[in-house]
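Structure, as structure tokens:
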Amino acid sequence: MADHSGAVTSASRRERGVKFWRVTRRVCQLAATIDISFFFLFLFLGSPILAWINVASVAMYTAAYYAINRRQNRLAIALIWSEVIIHSALGTLMIGWESGFHYYLLMFIPTVCISSVRPGTIISLIGVLWGYYIGLDILMWFMEPFQPIPSGALLGVHLFNLSVVFAMFAYLSFFYMRMVVSAQRKLQRLATVDSLTGLLNRRHGSDLAENEIARFRRVGHPVAFMLLDVDHFKSFNDQFGHGTGDAILTEIGRLIPAQLRVQDIAARWGGEEFLVILPDTKIESALASAERIRVALRSNDWKQATGESIDVTISVGVSEVCANDDLASVISRADRALYRGKAGGRNRVEQEGELQR
């Protein structure tokens, strides 16, 4: 279990990293486009130094983009950090704090927090960023801009920078929200679904079975249970290998739900054993459903599913919830019926006390 949990955590971390770098590439493209716009804007405003700084910025974002494509991630991060830190400082020093170039420094806060670096590194980077931001702010208290622009143009630059940073924060927030929702769904699936068959796992199947028994006690709606076991499953593993055994279980996970109603519940109960819960179903209808599953497995093209010329059959025990039943007792009756089927020759459906072909 620990190894499985570690593998899941590692896979989740890798996926988060892939998404992070995908977003970083998009940010590089967007930032380069914005810097091209700034190039023409500052030429128009008569500030050629800032205009050519934006050309250098475009080159750095382009290099970072291709570095990410080549998985040179450290180089890409170094280029992006250098560009933002230098560009924000030069923009602020050249035309003033009111230009809003310092807003781009704030973009590093969510970016660092959703990156795949360690928590201690995140805290250190944010601390350095805070010190740099405060230092730049204090510096501008005591000096005038080197190349001031008209107040109307300065307001336009300020609003443009504010709008860009606002939009990028919104984009990163949307990305983070999607990442969290996706992670929650995957964790929920891991907690409730058997990874091999795609059916519910035993824990979640037990919870839903208890719910149906509780509903039976409240309103008296009938509930039936099937316990299914693959005949001679060990011999398939021994003769063809566990890969074939897994392929059989995966195919069964597809075949069982295909023979059931939408409201019916199928779970992998353990190994090659499966549990089916049939709400609002009496024993006669449950036996008919079990027979459909038995026939579907018996007539399935197993060579196509497993690559081996084999015949797979199941034995099924069926029981119906009775007064004073709990989950253990109703499953126990289905289990006894199942093993009577095994003893009677397998590939058959039984209920306690009666044999059904």
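The values are calculated or read from the model by the stated rules, or taken from the named source; none is laboratory data. Keep in mind the model is a prediction, meaning the values are calculated, not measured. Backbone-built Cβ (ideal geometry, glycine too); neighbour counts: all protein chains shown. These area figures cover heavy atoms from the full protein model, side chains too; ligands, DNA and RNA do not enter into them. Shrake-Rupley method; radii C 1.70, N 1.55, O 1.52, S 1.80 Å.
Give me the residue from the stretch 130-152 that is closer than 14 Å to Gly91 by Cα and either assigned to a helix (DSSP H, G or I) or in contact (Cβ under 8 Å) with a residue 60 or more places away in the chain (or both) and, out of that set, most open to solvent (accessible area, probe 1.4 Å).
That would be Leu139.
Could you identify the single residue in Ala305, Ala267, Ala290 that is at pLDDT 95 or above, in contact with a helix residue (DSSP H, G or I) (Cβ under 8 Å, 6 or more places away or on another chain) and under 26 Å from Ser195 (Cα atoms)? Can you show your working first?
Values: Ala305 fails: at pLDDT 95 or above; Ala290 fails: in contact with a helix residue (DSSP H, G or I) (Cβ under 8 Å, 6 or more places away or on another chain).
That would be Ala267, the only listed residue that is at pLDDT 95 or above, in contact with a helix residue (DSSP H, G or I) (Cβ under 8 Å, 6 or more places away or on another chain) and under 26 Å from Ser195 (Cα atoms).
In the stretch 295-312, which residues are open to solvent by 40 Å² or more (accessible area, probe 1.4 Å), without any contact (Cβ under 8 Å) to a residue 60 or more places away in the chain and not hydroxyl-bearing (Ser, Thr, Tyr)? Before the answer, list the steps.
Initial filter on the stretch 295-312 (open to solvent by 40 Å² or more (accessible area, probe 1.4 Å)): 295, 298-299, 301, 303-304, 307-309, 311.
Narrowing the set further to residues that are without any contact (Cβ under 8 Å) to a residue 60 or more places away in the chain leaves 295, 298-299, 301, 303-304, 309, 311.
Listed by number, the residues that qualify are Val295, Arg298, Asp301, Lys303, Gln304, Asp311.
Using the structure shown, decide if Val58 is open to solvent by less than 40 Å² (accessible area, probe 1.4 Å), farther than 23 Å from Trp141 by Cβ and modelled with pLDDT of 90 or more.
Numbers: open to solvent by less than 40 Å² (accessible area, probe 1.4 Å): yes; farther than 23 Å from Trp141 by Cβ: yes; modelled with pLDDT of 90 or more: yes.
It is true that Val58 is open to solvent by less than 40 Å² (accessible area, probe 1.4 Å), farther than 23 Å from Trp141 by Cβ and modelled with pLDDT of 90 or more.
Cβ contacts < 7 Å: first residue more than 22 Å from Leu287 (Cα to Cα), restricted to the stretch 248-260; second residue among the β-branched types (Val, Ile, Thr) and in a helix (DSSP H, G or I), any location; separation 6+ or different chain. Result?
Here the result reads Ile248/Thr306, each pair linking the stretch 248-260 to a residue that is among the β-branched types (Val, Ile, Thr) and in a helix (DSSP H, G or I).
In this structure, is Leu187 of a type in the set (A, V, I, L, M), open to solvent by 30 Å² or more (accessible area, probe 1.4 Å), without any contact (Cβ under 8 Å) to a residue 12 or more places away in the chain and part of a helix (DSSP H, G or I)?
Taking the combined requirement at face value, the residue satisfies it.
Quick one: is Val84 among the aliphatic types (A, V, I, L, M), free of Cβ contacts under 8 Å to residues at least 60 places away in the same chain and open to solvent by 20 Å² or more (accessible area, probe 1.4 Å)?
Details: among the aliphatic types (A, V, I, L, M): yes; free of Cβ contacts under 8 Å to residues at least 60 places away in the same chain: yes; open to solvent by 20 Å² or more (accessible area, probe 1.4 Å): no.
Considered against the rule, which asks whether it is among the aliphatic types (A, V, I, L, M), free of Cβ contacts under 8 Å to residues at least 60 places away in the same chain and open to solvent by 20 Å² or more (accessible area, probe 1.4 Å), Val84 comes out as no.
From Met140, Met107, which residue is of a type in the set (A, V, I, L, M) and at pLDDT 90 or above? Give the steps one after another, and end with the answer.
Working: Met107 fails: at pLDDT 90 or above.
When all the criteria are applied, what remains is Met140.
Would you mind listing the helices (runs of 4 or more DSSP H) fully within the stretch 242-330 where at least 1 residues are over 27 Å from the mean Cα position of the chain (by Cα) and of a type in the set (Asp, Glu)?
Working: elements: 242-258, 283-298, 302-306.
It comes to 283-298.
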